[in-house]
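The structure appears right after this line, and notes come after that.
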Amino acid sequence: MSGHRLLAPLVPFFLGGAAFAADTPEVDIHGYVSQGYLNTSKNNYLGDTQGGTFDFNEAAINFQSQLTDDLRIGVQLYARDLDGIGQDRVGIDWAYADYHWKDELGFRVGEVKVARGLYNEYSDLDLANPTVLLPQSVYDERLRDFLTSVYGGSIYGNVPMRAAGSVDYEMFGGSQTIRPDGSINDFIRSGFYNSAEGTDYQSNSITLQSMYGGSVIWNTPLRGLRLVVSALQFNHLLSVGNLTVPGPDGTIQFLPMSLDVTKGQNLVVGAEFTRNKLRLASEGTIWNMDYTNTGPAPASSVLRWAGWYVQAAYQILPRWGVAATVGTFYDNRLDRSGAGYSDPRLAYQKTAALTLRFDPVNWVALKAEGSFINGYAQMFTQENPGGFDGNTLMLALKATVSF
């Protein structure tokens, strides 16, 4: 998500003016507001969650207008707070002009969404998600700023295949400027933070030179079954900042340092089956990231993340639904047992969750989710300065109002 704080409040006026100029004054306005609560029994995860936190909220409003039969423009403003990530600053989530030439071929330009997996493009539609959190083994909430959109364009369409069903495709490409105090900075900090030694890291700027990729979803002849394959590559995700270390006289020294993910790749494969009140879904993902860092201790390495989940959701009554999710994230898919780690549980994070959802009216969703978490692979060291301790029980509550 970009942080155009000066531009964001003016976007609705631009849209209204554009719509008026095209003799189509109608502007569709939709959005949502949500408030959540997170509490973990052991280990802080997704924030300072031991003892509970209400720093888990988000809000969005989007404006869209159909200028011609083929041309549509829209923008979504978005703000969130996840234990300090976002701090409720308003930014542009996506903003583009969409020229739908025909079903087989359309074009978008502007700040376009990243097509990834089954649900990345719909992660902001809380009423469409049966759970409080999307499966974190594939849709890590802390990567949202990085994986939501890019400044550039996309090509998309639906290709009928007669008896073989149809294929939805999308290809995108662009660049990004990322907030230096957001979640990407937290990922970097986790590699350098050491409370005992007094070391830490803070980004001053984070830029992404380019990201491009695509997604193909096969709507199979079997009613309700979709299969997805998506892939992306990004180049030069560069953080420039300072490594803080204790000085010999007890003062804090700021040492210039940069970290450059010179090349990164992500692959997601998955399947979804829906029939009446039942939805079954499963996805798996792998990451490869080559990075180098300059500064006091220059180094280079490769990250080889991987993750998967299986989820079942069922509408037991008209306004009541349940969901069950199991999944695992691996910090290094080549060492899933953790043999090369000081604690094997640093190599993985295994999660089992149950969710209960109640929709008192069509535009309100209330969700309660309980999770059992084994392992620490997605937990940040700076959120747990005293180290990690055993298995974690997590309670997540969320109320969403949409309009």
Buried (at least 16 other Cβ atoms within 10 Å of the Cβ), at pLDDT below 95 and over 21 Å from V401 (Cα atoms): is that true of I73 in this structure?
no
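Could you say which residue among D335, D290 is assigned to a strand (DSSP E or B), over 17 Å from V132 (Cα atoms) and free of Cβ contacts under 8 Å to residues at least 40 places away in the same chain? Give the derivation first.
Values: D335 fails: assigned to a strand (DSSP E or B).
The unique qualifying residue is D290.
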Residue pairs qualifying under the 8 Å Cβ cut-off, at least six apart or on distinct chains, with the first in the stretch 80-103 being touching a residue at least 60 places away in the same chain (Cβ under 8 Å) and the second being open to solvent by 50 Å² or more (accessible area, probe 1.4 Å) and part of a strand (DSSP E or B), are none
Taking the stretch 242-268 on its own, how many of its residues are farther than 19 Å from P298 by Cα and open to solvent by less than 20 Å² (accessible area, probe 1.4 Å)?
4
Can you find, within the stretch 297-317, the residue that is least open to solvent (accessible area, probe 1.4 Å) among those that are at pLDDT below 95 and part of a loop (DSSP other than H, G, I, E, B)?
A297
Options A352, A368, A347; residue that is surrounded by 20 or more Cβ atoms within 10 Å (Cβ to Cβ) and either modelled with pLDDT of 95 or more or among the hydrophobic types (A, V, I, L, M, F, W, C) (or both):
A347
Residue satisfying condition, being touching a helix residue (DSSP H, G or I) at 6+ places or on another chain (Cβ under 9 Å) and among the β-branched types (V, I, T), within set T351, T381:
T381
Quick one: what pairs do we get from the stretch 26-53, first residue of a type in the set (G, A, S), second open to solvent by 40 Å² or more (accessible area, probe 1.4 Å) and part of a loop (DSSP other than H, G, I, E, B), C-beta under 8 Å, 6+ apart or different chains?
G31/F403; G36/F54; G47/D55; G47/D83
Considering the stretch 93-114 alone, what residues qualify as being under 24 Å from the mean Cα position of the chain (by Cα) and among the acidic types (D, E)?
D93, D98, E111
Going residue by residue through the stretch 179-193, is there one that turns out to be in contact with a Pro (Cβ under 9 Å, 6 or more places away or on another chain) and within 28 Å of S300 (Cβ to Cβ)?
yes
Which ones in the stretch 363-396 are among the hydroxyl-bearing types (S, T, Y) and touching a Ser or Thr at 6+ places or on another chain (Cβ under 6 Å)?
S371, T381, T392
For L143, all conditions in the list (1) buried (at least 22 other Cβ atoms within 10 Å of the Cβ); (2) touching a residue at least 24 places away in the same chain (Cβ under 8 Å) hold save one; what is the number of the exception?
(1)
Scan the stretch 170-185 for residues that are outside any strand (DSSP E or B) and either surrounded by fewer than 19 Cβ atoms within 10 Å (Cβ to Cβ) or modelled with pLDDT under 90 (or both) and report the count.
5
Just one of (1) in contact with a strand residue (DSSP E or B) (Cβ under 8 Å, 6 or more places away or on another chain); (2) part of a loop (DSSP other than H, G, I, E, B) trips up Y139, so point out which.
(1)
Any idea which of S258, S239 is part of a strand (DSSP E or B), under 16 Å from I184 (Cα atoms), in contact with a helix residue (DSSP H, G or I) (Cβ under 8 Å, 6 or more places away or on another chain) and among the hydroxyl-bearing types (S, T, Y)?
S239
Out of the residues in the stretch 25-55 that are open to solvent by 60 Å² or more (accessible area, probe 1.4 Å) and closer than 12 Å to K398 by Cα, which is farthest from the chain's Cα centre (by Cα)?
F54
Limited to the stretch 342-377, what total is found for residues that are under 20 Å from the mean Cα position of the chain (by Cα) and not in a strand (DSSP E or B)?
2
Among the residues of the stretch 82-92, are any open to solvent by less than 30 Å² (accessible area, probe 1.4 Å), under 29 Å from V228 (Cα atoms) and assigned to a loop (DSSP other than H, G, I, E, B)?
no
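The values are calculated or read from the model by the stated rules, or taken from the named source; none is laboratory data. Remember, it's a predicted structure, so these values are computed and weren't measured experimentally. A quick note on method: Cβ atoms are made from the backbone with ideal geometry, for glycine too, and the neighbour counts reach across all protein chains shown. Accessible surface is based on the protein model in full, side chains and every heavy atom, while ligands, DNA and RNA are left aside. Shrake-Rupley method; radii C 1.70, N 1.55, O 1.52, S 1.80 Å.
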